[in-house]
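What follows is a short report on a single structure.
The values are calculated or read from the model by the stated rules, or taken from the named source; none is laboratory data. Treat the numbers as computed from the prediction; the structure is a model and nothing was measured. Note that we place each Cβ from the backbone using ideal geometry, even for glycine, and neighbour counts take in every protein chain shown.
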Amino acid sequence: MTSQIGTVVKSGDRSATVSRKTRETEITVTLRLDGTGESKISTGVGFYDHLLGSLAHHALFDLEIEATGDLAIDEHHTVEDVALVFGAALAEALGDRSGIVRFGDAAVPMDEAVATSVVDVGGRPYAVIDLPFKGKRAGKLPLQLIEHVFESFARAGGVTLHLKGKGRNDHHLAEAAFKALGRSLRAACAVDPRRSGVASTKGSLG
C-alpha cells in the first residue's frame, strides 16, 4: 500500500508506519496517536531531533523517526522529507478522521518567546506561518527550513495550520512553535466521545 508520500508499511489502531526512499533520503516514521509522548528520533540534525521530540512529548504521540540523507550536500532534503513522511504517517493514522475533535489550538511561551498554533486536521492542507527568526541557524538546522517543515507537514498530513510567534531568541521561538503545534495536534486528534461520524456538516472530510 502506498500514500502520496511513501509506502505504508502498516497502519491501524490510530497508528501508522510509513517509509520513503529516494536517491536523496531514506526515512521511516512510526506514529501512534494514543501514546505517552515517547520518541526515538535520528535525522542527523540534532536540533531538529530535539524539536520533533518536543512536539511528540506535548502531543502525547509516540514517535519514531529513522532518517538518513545527503547531509554532505546540505540539510534541506533530509529536513523536508522527514516532515513529509511524518505528515503522511499522521494522515494514515487518522484514517477516515471520523470521531475526532478535528480542531485544536494552543499557545506556548518559552521565556521571552511565545508561539500560537491553530489546526484543522480535517484533510484540507494549508499553512500560514509567521515565525520571524533573526539568525541563520540553530545548531545544524538552517532556520529558514522551519517554515518549510511546517508547510510540508501540513501538505502531507491534510492539516490546515496557522502558526505564528515572536521572540528575541531563535532557539526559544523554534521550540515554542513545535510545542504549540504538538499541543494543538493533541487537542485536534483526540477522540470525541460524543461524535460518531466526521466533524463536518457535509458528512465527509477532505
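Can you tell me which condition residue 138 does not meet? The list is (1) buried (at least 17 other Cβ atoms within 10 Å of the Cβ); (2) within 17 Å of the chain's Cα centre (by Cα), and all the others hold.
Only one criterion in (1) buried (at least 17 other Cβ atoms within 10 Å of the Cβ); (2) within 17 Å of the chain's Cα centre (by Cα) is unmet by residue 138, namely (2).
Of the numbered conditions (1) buried (at least 22 other Cβ atoms within 10 Å of the Cβ); (2) closer than 20 Å to residue 59 by Cα, residue 118 fails exactly one; give the number of that condition.
(1)
Of all residues in the range 27-37, count the ones that are surrounded by 15 or more Cβ atoms within 10 Å (Cβ to Cβ) and assigned to a loop (DSSP other than H, G, I, E, B).
So the count comes out to 3.
Does the range 154-182 hold any residues that are among the charged types (D, E, K, R) and either crowded, with 22+ Cβ neighbours inside 10 Å or outside any helix (DSSP H, G or I) (or both), and which are they? Full working, then the answer.
Keep residues of the range 154-182 that are among the charged types (D, E, K, R), which gives 155, 164, 166, 168, 170, 175, 179.
Across the range 154-182, the qualifying residues are 164, 166, 168, 175, 179.
Kindly list, by first and then second residue, each pair from a residue in the range 62-74 that is closer than 14 Å to residue 26 by Cβ and in contact (Cβ under 8 Å) with a residue 40 or more places away in the chain to a residue that is of a type in the set (A, V, I, L, M, F, W, C) and assigned to a strand (DSSP E or B), limited to pairs with Cβ atoms under 6 Å and residues at least 6 apart or on different chains.
Every condition considered, the pairs that remain are 67/27.
If we scan the range 127-138, do we find a residue that is in contact (Cβ under 8 Å) with a residue 24 or more places away in the chain, aliphatic (A, V, I, L, M), more than 22 Å from residue 31 (Cα to Cα) and not in a strand (DSSP E or B)?
yes
For the range 75-114, what are the residues that are modelled with pLDDT under 95 and at positive phi?
Those that are modelled with pLDDT under 95 and at positive phi: 95, 97, 99.
Among the residues of the range 10-26, are any out of contact with any His (no Cβ under 8 Å at 6 or more places or on another chain), assigned to a loop (DSSP other than H, G, I, E, B) and modelled with pLDDT under 95?
Yes: one or more hits.
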